[in-house]
Amino acid sequence: MHEGTSFKRCIACIGAGYVGGPTMAMIAARCPQYKVTVVDINASRIEAWNSDALPIYEPGLLDVVKVARGRNLFFSTEVEAAIREAGVIFVSVNTPTKTFGEGAGKAADLQHWERTARMIVREAASDKIIVEKSTLPVRTAAAMSRILNANDKGIHFEVVSNPEFLAEGTAVADIDRPDRVLVGAQETPQGIAARDTIVEIYANWVPAEKILTSNVWSAELSKLAANAFLAQRISSINSITALCEKTSANIMEVSRAIGMDSRIGPRFLSPSVGFGGSCFKKDLLNLVYICQSYGLSEAASYWESVVAMNDHQRRRFVSTMVGAMFNTVAGKRIALFGFAFKADTGDTRESPAIGVARQLIEERAQVVITDPQALDNAKIDLADHLQAIELTDDPYAAAQGAHAIALCTEWQLYRDLDYRRIFERMEKPAFIFDGRNILDHEALYKIGFNVFPVGKGALKHF
Ligand code: NAD
Ligand code: UDX
């Protein structure tokens with residue numbers, strides 16, 4: 001039993017965000033023998049974790065939280081107390097792209113991580129395992145280990161890398177049944193002991209063959225590389241969409257044909273208006289920066305082109321709209337269907353819809369945004385343009401009197417709308433730009449819409 005409590009182990013997690021909250025809730029739900037305390041400096045976030053209105057929208061998450069909250073799962077702002085109590089501390093604070101100084105626009109901003117490390121050193125009174133849960137540049141563990149172990153209390157901190165691979169919207173299933181869990185540690189007796197402690201936690205519900213161990217640098221780099229590979233697949237398929245539109249090839253057929261090759265596989269080959277989310281662009285740019293800082297300019301430009309293609313795809317989507325709508329959208333009402341960076345989340349970080357909205361506003365369109373979960377975030381993202389936009393959770397109201405619909409997020413509800421009713425209330429000619437290719441294009445064309453999918457010939461009545 002852990003000293004002072006009836007639990008076998010006390011675990012703390014610093015950072016109660018999209019990663020810290022769900023991962024710790026799962027550990028607590030699956031392991032009643034551990035006490036899990038999730039702390040954050042953001043008091044309103046903690047308050048929300050302690051309510052039924054969780055701070056993030058994630059299907060199934062509330063049920064998992066409710067299994068353990070108050071039993072062996074606690075959310076608190078008392079960061080210092082949690083540090084003192086825990087033997088294992090996961091750190092899942094944010095590591096955004098640096099916006100200032102050296103590496104601005106590319107490098108990871110590690111200030112939250114370093115501040116956390118220094119607080120751990122200040123508060124700790126016993127040896128601890130520090131787990132890198134945030135996505136970090138390769139070799140961060142070396143710097144962190146130096147900061148942590150430069151203490152005069154004789155305390156040893158062992159830094160382990162345990163990157164998180166969950167995707168938003170499927171976080172609960174991803175943590176419950178992960179493709180793999182990766183634990184990287186130093187190849188020393190203390191490193192191996194720390195690694196085994198972390199493996200033991202996951203082994204409570206993850207099959208042994210899915211728990212991988214590696215050296216700490218491989219684990220750190222695997223996370224950046226995994227995100228870069230996923231993003232690269234999307235940019236690759238998107239790079240073919242424009243060619244399809246020029247040649248009458250159909251990207252859905254091409255994607256299917258490519259994906260049936262078992263060496264390639266079918267996932268992450270859906271063409272789109274571009275990828276968004278808090279991770280892909282940030283981690284790609286971080287990888288680019290790291291390559292550059294080691295003098296690996298060819299590798300850096302290779303990965304940089306994945307970001308460039310993504311930006312291009314989003315701009316191309318709006319250019320297609322302007323071109324199709326007789327080269328002007330000024331004064332025209334345009335309904336954006338979806339603002340979240342993907343379906344089943346309210347998160348809008350790096351959402352392609354932000355860029356689409358801004359480009360349309362520059363063209364002086366009247367932009368109406370509808371989304372079932374992301375309107376509060378949309379208001380923040382476009383705070384400098386609130387007079388130029390309208391927000392509504394009702395897609396029918398958004399489309400009322402509109403010249404065009406631009407579908408940016410693949411919410412199921414947009415597949416199921418009554419498009420005949422929508423068409424009747426739109427300005428004519430009525431346009432639909434399907435940035436996710438999820439709608440029934442032939443049926444929309446028959447209703448009377450001019451339909452512009454991504455990577456497929458347009459269906460036009462003129
Ligand atoms: P987030 O912004 O949602 O959460 C981070 C939290 O850390 C915030 O609530 C913030 O208040 C808190 N924090 C910052 N400094 C702190 C401090 N000194 N003390 C206590 N709390 C502090 O971020 P996130 O999306 O959960 O991402 C966290 C990390 O995980 C990032 O490195 C990210 O790259 C990585 N990651 C994210 C995802 C994802 O889908 N969001 C997936 C895998 C990995
Ligand atoms: C990603 C990684 O998948 C996850 O492993 C990592 O831990 C965090 O980053 P996330 O950003 O939550 O997860 O969502 P993901 O499902 O990867 O989608 C990212 C973006 O790519 C979304 O905008 C999505 O719509 C887009 N996408 C995805 C495509 O455009 N086409 C596809 O085929 C797949």
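The values are calculated or read from the model by the stated rules, or taken from the named source; none is laboratory data. Just so it is clear, the model here is predicted, and its values are computed rather than measured. With ideal geometry, Cβ positions are generated from the backbone for all residues, glycine too; neighbour counts draw on all protein chains shown.
Does at least one position in region 284-292 carry a residue that is of a type outside the set (Ser, Thr, Tyr), in contact with a Cys (Cβ under 9 Å, 6 or more places away or on another chain), buried (at least 21 other Cβ atoms within 10 Å of the Cβ) and modelled with pLDDT of 95 or more? Walk me through it before giving the result.
Step one: of region 284-292, the residues of a type outside the set (Ser, Thr, Tyr) are 284-288, 290-292.
Filter again for in contact with a Cys (Cβ under 9 Å, 6 or more places away or on another chain), leaving none.
No: region 284-292 contains no residue that is of a type outside the set (Ser, Thr, Tyr), in contact with a Cys (Cβ under 9 Å, 6 or more places away or on another chain), buried (at least 21 other Cβ atoms within 10 Å of the Cβ) and modelled with pLDDT of 95 or more.
Looking at the structure I just gave you, is residue 277 on the phi > 0 side of the Ramachandran plot, within 16 Å of ligand 1 (Cβ to nearest atom) and not in a helix (DSSP H, G or I)?
Working: on the phi > 0 side of the Ramachandran plot: yes; within 16 Å of ligand 1 (Cβ to nearest atom): yes; not in a helix (DSSP H, G or I): yes.
Yes; evaluated as a whole, the condition is true for this residue.
Quick check: is even one residue across region 300-322 in a loop (DSSP other than H, G, I, E, B) and outside the structural domain of residue 235 (by TED's automatic domain parsing)?
Residues of region 300-322 in a loop (DSSP other than H, G, I, E, B): none.
The answer is no; no qualifying residue exists.
For (1) touching a His at 6+ places or on another chain (Cβ under 9 Å); (2) over 19 Å from residue 346 (Cα atoms), each residue gets a yes or a no:
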| residue | (1), (2) |
| --- | --- |
| 10 | yes, yes |
| 19 | no, no |
| 29 | no, yes |
| 45 | no, no |
| 61 | no, no |
| 65 | no, no |
| 71 | no, yes |
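Quick one: in region 3-25, which of the residues that are out of contact with any Phe, Trp or Tyr (no Cβ under 8 Å at 6 or more places or on another chain) and hydrophobic (A, V, I, L, M, F, W, C) is surrounded by the most Cβ atoms within 10 Å (Cβ to Cβ)?
Looking at the filtered set, the residue picked out is 25.
Within region 436-446, identify whether any single residue is more than 22 Å from the chain's Cα centre (by Cα), of a type outside the set (S, T, N, Q), closer than 14 Å to residue 320 by Cα and within 16 Å of ligand 2 (Cβ to nearest atom), and answer yes or no.
Kept after step one, since they are more than 22 Å from the chain's Cα centre (by Cα), are these residues of region 436-446: 439-446.
Checking which are of a type outside the set (S, T, N, Q) leaves us with 439-446.
Those left that are additionally closer than 14 Å to residue 320 by Cα: none.
No - not one qualifying residue is present in region 436-446.
Out of 22, 32, I need the residue that is within 16 Å of ligand 2 (Cβ to nearest atom) and not assigned by TED's automatic domain parsing to the domain that holds residue 278. Which one?
Details: 32 fails: within 16 Å of ligand 2 (Cβ to nearest atom).
Among 22, 32, only 22 is within 16 Å of ligand 2 (Cβ to nearest atom) and not assigned by TED's automatic domain parsing to the domain that holds residue 278.
Is region 436-454 home to any residue that is crowded, with 22+ Cβ neighbours inside 10 Å, part of a helix (DSSP H, G or I), in contact with a helix residue (DSSP H, G or I) (Cβ under 9 Å, 6 or more places away or on another chain) and on the phi < 0 side of the Ramachandran plot?
Taking every residue of region 436-454 in turn, at least one turns out to be crowded, with 22+ Cβ neighbours inside 10 Å, part of a helix (DSSP H, G or I), in contact with a helix residue (DSSP H, G or I) (Cβ under 9 Å, 6 or more places away or on another chain) and on the phi < 0 side of the Ramachandran plot.
I'd like to know if region 203-210 contains one or more residues that are at pLDDT 95 or above and within 14 Å of ligand 2 (Cβ to nearest atom). Lay out the reasoning, then the answer.
Taking region 203-210 and keeping what is at pLDDT 95 or above, we get 203-210.
The next check asks that each one be within 14 Å of ligand 2 (Cβ to nearest atom); those that pass are none.
No, region 203-210 has no match at all.
If we scan region 383-398, do we find a residue that is more than 21 Å from residue 271 (Cβ to Cβ) and in contact with a His (Cβ under 7 Å, 6 or more places away or on another chain)? Can you show your working first?
Narrowing region 383-398 to residues more than 21 Å from residue 271 (Cβ to Cβ): 383-398.
With in contact with a His (Cβ under 7 Å, 6 or more places away or on another chain) added as a condition, the list becomes none.
There is no residue in region 383-398 that is more than 21 Å from residue 271 (Cβ to Cβ) and in contact with a His (Cβ under 7 Å, 6 or more places away or on another chain).
Does residue 402 satisfy the condition of being crowded, with 16+ Cβ neighbours inside 10 Å, at pLDDT 95 or above and assigned to a loop (DSSP other than H, G, I, E, B)? Steps first, answer last, please.
Values: crowded, with 16+ Cβ neighbours inside 10 Å: yes; at pLDDT 95 or above: yes; assigned to a loop (DSSP other than H, G, I, E, B): yes.
For residue 402, the condition - crowded, with 16+ Cβ neighbours inside 10 Å, at pLDDT 95 or above and assigned to a loop (DSSP other than H, G, I, E, B) - is met.
Just to be sure, is residue 445 more than 30 Å from residue 167 (Cβ to Cβ), hydroxyl-bearing (Ser, Thr, Tyr) and either in contact with a Lys or Arg (Cβ under 8 Å, 6 or more places away or on another chain) or not assigned by TED's automatic domain parsing to the domain that holds residue 249 (or both)? Before the answer, list the steps.
Values: more than 30 Å from residue 167 (Cβ to Cβ): yes; hydroxyl-bearing (Ser, Thr, Tyr): yes; either in contact with a Lys or Arg (Cβ under 8 Å, 6 or more places away or on another chain) or not assigned by TED's automatic domain parsing to the domain that holds residue 249 (or both): yes.
Yes; evaluated as a whole, the condition is true for this residue.
Can you tell me which of (1) more than 16 Å from ligand 1 (Cβ to nearest atom); (2) surrounded by fewer than 20 Cβ atoms within 10 Å (Cβ to Cβ); (3) not assigned by TED's automatic domain parsing to the domain that holds residue 234 is the one residue 332 doesn't meet?
Unmet condition: (2).
In this structure, does residue 118 turn out to be in contact (Cβ under 8 Å) with a residue 24 or more places away in the chain, within 11 Å of ligand 1 (Cβ to nearest atom), closer than 29 Å to residue 8 by Cα and not in a loop (DSSP other than H, G, I, E, B)?
On the way: in contact (Cβ under 8 Å) with a residue 24 or more places away in the chain: yes; within 11 Å of ligand 1 (Cβ to nearest atom): yes; closer than 29 Å to residue 8 by Cα: yes; not in a loop (DSSP other than H, G, I, E, B): yes.
Here the answer is yes, as residue 118 does meet what is asked.
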